[in-house]
1. Could you check ALA67 against (1) surrounded by 16 or more Cβ atoms within 10 Å (Cβ to Cβ); (2) outside the structural domain of CYS170 (by TED's automatic domain parsing); (3) out of contact with any Gly (no Cβ under 8 Å at 6 or more places or on another chain) and say which number it fails?
2. State yes or no: is PHE100 without any contact (Cβ under 8 Å) to a residue 60 or more places away in the chain and either in a strand (DSSP E or B) or not assigned by TED's automatic domain parsing to the domain that holds GLU157 (or both)?
3. Just to check your reading of the model, which residue among PHE48, PHE68, PHE30 is hydrophobic (A, V, I, L, M, F, W, C) and under 29 Å from the mean Cα position of the chain (by Cα)?
4. Hey, can you tell me all the residues within segment 193-214 that are modelled with pLDDT under 95 and either under 17 Å from ALA116 (Cα atoms) or hydroxyl-bearing (Ser, Thr, Tyr) (or both)?
5. Restricting to segment 42-53, give me the number of residues that are surrounded by 14 or more Cβ atoms within 10 Å (Cβ to Cβ) and aromatic (Phe, Trp, Tyr).
6. Consider ALA56 against the criteria (1) surrounded by 12 or more Cβ atoms within 10 Å (Cβ to Cβ); (2) more than 37 Å from the chain's Cα centre (by Cα); (3) assigned to a strand (DSSP E or B): it satisfies all of them except one. Which criterion is unmet?
7. Condition first: acidic (Asp, Glu), at pLDDT below 95 and surrounded by 12 or more Cβ atoms within 10 Å (Cβ to Cβ). Can you find one or more residues in segment 72-94 that meet it?
8. Filter segment 1-24 down to residues that are at pLDDT 95 or above and part of a loop (DSSP other than H, G, I, E, B) and give me whichever is surrounded by the most Cβ atoms within 10 Å (Cβ to Cβ).
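The values are calculated or read from the model by the stated rules, or taken from the named source; none is laboratory data. Predicted model, so just to flag it, every value in this text is computed and none were measured. Virtual Cβ from ideal backbone geometry, glycine too; neighbours counted across all protein chains shown.
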Amino acid sequence: MVTLAASTTSPTTGDPVTFTVTAHSPDEVFKSVSIDFTGDGTVDEIQFFDQTSVAATFSHAYLSAGAFTVRAEVKDVNSAVVSRSLLLIVSAPAIPPVSFRLNADGSAGDSGVCGASGPPAACAGCSLTIGAAGRTGSLGAMPHGTPVSVTQAFEQESFVTGSTTTRYACGFSLDLYAGPPGNEVLFGHGACTTDSGANPERLTCGITTNGVVP
């Protein structure tokens, strides 16, 4: 009896697939097991034996997407060949959407004193308020393993009630996410803080968050 099995029949490009070929007979001595990973008629690997029961393991990673017929051949001492084949459907890995999220936590945050300044959240020379819900922005779709670096400037404006300037602080964060809404994975985090301290009209800080798309 001869069998051919794969660790998966629907791998993604670059992921190794393990193939196991087994053969057993009480009467025949098996001499070799060979495998053709792509179905092009070329033997890619071969293992040699001299026994009535064998188990040969092979590993291969497909670098391109498509359908491939894997063929294994077992040859016995009399040069008789038994072959087995299976079909693999190799797909390209999904390219997840990547986004950034800005959050601000300040004693006067709801009054619009904590904001982002310039790109990527706002246009050059522009600023926008970061409220309790935060702000999000898209960085587009990026393949797994892509390095990502995002830099954002933040600002804190004075909050005046009557003639009194209230002391407060803004804590900012810049997070990176990969995946569709509802299934995002956090892969980068940065934070900075401003404090009105001596009551200046405006304070700034900046965050550069780095990560690799999971």
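1. (1)
2. Values: without any contact (Cβ under 8 Å) to a residue 60 or more places away in the chain: no; either in a strand (DSSP E or B) or not assigned by TED's automatic domain parsing to the domain that holds GLU157 (or both): yes.
It is false that PHE100 is without any contact (Cβ under 8 Å) to a residue 60 or more places away in the chain and either in a strand (DSSP E or B) or not assigned by TED's automatic domain parsing to the domain that holds GLU157 (or both).
3. Values: PHE48 fails: under 29 Å from the mean Cα position of the chain (by Cα); PHE30 fails: under 29 Å from the mean Cα position of the chain (by Cα).
Sole residue among the options that is hydrophobic (A, V, I, L, M, F, W, C) and under 29 Å from the mean Cα position of the chain (by Cα): PHE68.
4. First pass over segment 193-214, keeping only residues modelled with pLDDT under 95: 193-205, 214.
Selection gives THR193, THR194, ASP195, SER196, GLU201, ARG202, LEU203, THR204, CYS205.
5. Qualifying residue count for the region: 1.
6. Checking ALA56 against (1) surrounded by 12 or more Cβ atoms within 10 Å (Cβ to Cβ); (2) more than 37 Å from the chain's Cα centre (by Cα); (3) assigned to a strand (DSSP E or B), the one that fails is (2).
7. Taking segment 72-94 as the starting set, the residues that turn out to be acidic (Asp, Glu) are 73, 76.
Checking the rest, the ones that are also at pLDDT below 95 come to none.
The answer is no, given that none of the residues of segment 72-94 is acidic (Asp, Glu), at pLDDT below 95 and surrounded by 12 or more Cβ atoms within 10 Å (Cβ to Cβ).
8. Only one residue fits best here, namely PRO11.
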